[in-house]
Amino acid sequence: MTQSASPLSLNPGSAAPAGAAAPADDAAPRRSDFADDFLWGCATSSYQIEGAAHEDGRVESIWDRFAATPGKIRDGSSGAVACDHYHRWPQDLDIARSLGLNAYRFSIAWPRIFDGVDAAPNDKGLGFYDRLVDGMLERGLQPWATLYHWDLPQWLQERGGWNERATVDAFVELADAVTRRLGDRVKHWITQNEPWCTAMIGHHEGWHAPGLSDFKTALQVCHHVLLSHGKAVPVIRANVPDAKVGIALSLHPVRAASDSPEDRAALLRHDGLRFRWFMDPLYGRGYPAQTVSAVGPAAPVILEGDLDAIAAPTDFLGVNYYFPETVAHAPGHGPLGARVLPPGADVQTTAMGWEVAPEGLTELLRRIEDEYRPGPIYLTENGSCYDDALEPDGAIHDGERRAYLQRHLGALRDTVRAGVPVKGYFAWSLLDNFEWAEGYLRRFGLVHVDYATQQRRLKDSARWYRAFLHGEE
Ligand code: IFM
């Protein structure tokens, strides 16, 4: 089966389109194509780069436990050392500054902050983020803090993890402690990163921590993660009156595998769970009714007031975009009889097997704007994985990553010209890092990390981004 040429209209009754479809511009993107106050950053996450797993009172996370379980991580590794960013952060922030970034997205490791029920926040853990944030500000990098990027403390998992409502309260406590401490300097807060992955990959597909395989649990987890976002928003605002608060979702443009009624119906079922299950409740529409009935007894327990809490007004939407999905009717496959097809042989892919589709970025962002009008949008992650070769002279000629970056920035420029209010871009990732179940086998960084020596080297993609940001491209 091949991809259908045009995307389906998924929500025909939605608001008017955001501007006329601007033709794609073949010219290379330039920084001057974007507003002067556009944010240019890189994104990272705590477990993927920090290391220092046992320092300064950090306790075990679900990823430490998962990685220690034989067979869970492809190369048998863990984030125990990772990029040793906990000790090397000044150098890493120097690199970020040298690239010409004006923003930096990082996440807080919850196991550094709370080591048990009713515990006081760990001053040493908070102290690390104090120094990190000060380091960003000294270098002209606007800090963007994510409160949860998947490293739940293991002690919370042992009490039921995200399947338990008490974890929502624990997250709100985390949000409270962290924003009290950092809120005088950090004004941009992302509550949750990619709730789909936390819920579905961690609790249904099972190849991420905590490694469960139960659809009903996954939907309850998903509800609690969204609820934790909604309940944290007012707490963050109370502690940081000038805060800008949002959530980062991993979203894909979706296409039917063919124009057959079966594939088109499968697309709608898939979209109900993969896209509208998140966007609809966050923007005040509740969970999509058709999907609720399709999941039947697996639907989550929702208490009175939950949907209002989830729909707390936010200041921006974070979108993590990597690739489009092509969906086929597949009876018996997954909970909804729909299957995401691997890209065809004629399609360009990254080393992850993900389709390279810059036009998909435009399609996705236009859909979000047309159907939800979420206010300012930030690309909070976008990037690519390739098998980089380190040359004897220390060069890394990652032309494919460079082209990926350049083409996606071209698509972003076209999207902004079409009237979609995108205000910033964070490349994933600053550094090569621990790519979850893939361990260190996958490199997404603009900066190469030699894990034996911890030496950092700029790849050609980083040099291109630097030239672009300095107006030399
Ligand atoms: O490395 C991850 C990141 O943690 C979340 N978004 C996708 C990236 C690439 O897989």
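The values are calculated or read from the model by the stated rules, or taken from the named source; none is laboratory data. All values reported here derive from a predicted model rather than from experimental measurement. Positions of Cβ are generated from backbone atoms using ideal geometry, with glycine treated the same way; all protein chains shown enter the neighbour counts. For accessibility, only protein heavy atoms count, side chains too; no ligands or nucleic acids. Shrake-Rupley method; radii C 1.70, N 1.55, O 1.52, S 1.80 Å.
Which residues, counting only those in segment 121-155, are open to solvent by 10 Å² or more (accessible area, probe 1.4 Å), under 22 Å from Ala209 (Cβ atoms) and over 22 Å from the mean Cα position of the chain (by Cα)?
Listed by number, the residues that qualify are Asn122, Trp155.
Return the total of residues in segment 56-87 being in contact with a helix residue (DSSP H, G or I) (Cβ under 6 Å, 6 or more places away or on another chain), surrounded by 16 or more Cβ atoms within 10 Å (Cβ to Cβ) and within 24 Å of Gln455 (Cα to Cα).
Final tally of qualifying residues: 6.
Can you tell me which residues in segment 96-111 are in contact with a Lys or Arg (Cβ under 8 Å, 6 or more places away or on another chain), assigned to a helix (DSSP H, G or I) and crowded, with 21+ Cβ neighbours inside 10 Å?
Correct list: Ala96, Leu99, Pro111.
Could you identify the single residue in Leu430, Leu412, Leu364, Leu446 that is closer than 17 Å to His252 by Cβ, open to solvent by less than 10 Å² (accessible area, probe 1.4 Å) and within 16 Å of the ligand (Cβ to nearest atom)?
Leu364
Which ones in segment 380-430 are of a type in the set (Gly, Ala, Ser), in contact (Cβ under 8 Å) with a residue 60 or more places away in the chain and either part of a helix (DSSP H, G or I) or touching a strand residue (DSSP E or B) at 6+ places or on another chain (Cβ under 7 Å) (or both)?
Answer for segment 380-430, where residues must be of a type in the set (Gly, Ala, Ser), in contact (Cβ under 8 Å) with a residue 60 or more places away in the chain and either part of a helix (DSSP H, G or I) or touching a strand residue (DSSP E or B) at 6+ places or on another chain (Cβ under 7 Å) (or both): Gly383, Gly394, Gly399, Gly410, Ala411, Gly424, Ala427, Ser429.
Filter segment 184-227 down to the residues that are under 15 Å from Gly246 (Cα atoms) and away from the ligand (no atom under 16 Å from the Cβ), then identify the one that is most open to solvent (accessible area, probe 1.4 Å).
Looking at residues that are under 15 Å from Gly246 (Cα atoms) and away from the ligand (no atom under 16 Å from the Cβ), I get Lys187.
If you check Trp436 against the conditions, is it within 20 Å of Ala53 (Cβ to Cβ) and crowded, with 19+ Cβ neighbours inside 10 Å?
Against the criterion (within 20 Å of Ala53 (Cβ to Cβ) and crowded, with 19+ Cβ neighbours inside 10 Å), Trp436 qualifies.
Name, by its number, the condition in (1) under 25 Å from Pro421 (Cα atoms); (2) open to solvent by less than 30 Å² (accessible area, probe 1.4 Å); (3) without any contact (Cβ under 8 Å) to a residue 40 or more places away in the chain that does not hold for Arg285.
Result: Arg285 fails condition (2) only.
Going by the structure shown, is Thr69 more than 16 Å from the ligand (Cβ to nearest atom), modelled with pLDDT under 95 and among the β-branched types (Val, Ile, Thr)?
no
If we scan segment 260-279, do we find a residue that is open to solvent by less than 20 Å² (accessible area, probe 1.4 Å), away from the ligand (no atom under 16 Å from the Cβ), in contact with a His (Cβ under 7 Å, 6 or more places away or on another chain) and at negative phi?
Yes: one or more hits.
Can you tell me how many residues within segment 310-337 are open to solvent by less than 20 Å² (accessible area, probe 1.4 Å) and more than 16 Å from the ligand (Cβ to nearest atom)?
Number satisfying all stated conditions: 8.
Which of the residues that make up segment 233-245 are buried (at least 23 other Cβ atoms within 10 Å of the Cβ) and in contact with an Asp or Glu (Cβ under 8 Å, 6 or more places away or on another chain)?
Selection gives Val245 alone.
Which members of segment 452-462 meet the condition of being in contact (Cβ under 8 Å) with a residue 40 or more places away in the chain and either more than 16 Å from the ligand (Cβ to nearest atom) or open to solvent by 10 Å² or more (accessible area, probe 1.4 Å) (or both)?
The answer is Gln454, Arg456, Arg457, Leu458, Lys459, Asp460, Ala462.
From the list Asp118, Asp64, Asp92, Asp130, which one is over 22 Å from Arg185 (Cβ atoms), of a type in the set (Asp, Glu) and not in a loop (DSSP other than H, G, I, E, B)?
One residue alone meets the criteria, Asp64.
Pairs, please: C-beta under 9 Å, at least 6 apart or cross-chain, first residue touching a residue at least 60 places away in the same chain (Cβ under 8 Å) and in segment 298-325, second within 16 Å of the ligand (Cβ to nearest atom) and among the basic types (Lys, Arg)?
These pairs meet every condition: Gly318/Arg105; Glu325/Arg274.
Taking the conditions exactly as written (touching a residue at least 12 places away in the same chain (Cβ under 8 Å), crowded, with 20+ Cβ neighbours inside 10 Å and either within 19 Å of Ser228 (Cβ to Cβ) or touching a strand residue (DSSP E or B) at 6+ places or on another chain (Cβ under 7 Å) (or both)), does Ala248 satisfy them or not?
For Ala248, the condition - touching a residue at least 12 places away in the same chain (Cβ under 8 Å), crowded, with 20+ Cβ neighbours inside 10 Å and either within 19 Å of Ser228 (Cβ to Cβ) or touching a strand residue (DSSP E or B) at 6+ places or on another chain (Cβ under 7 Å) (or both) - is met.
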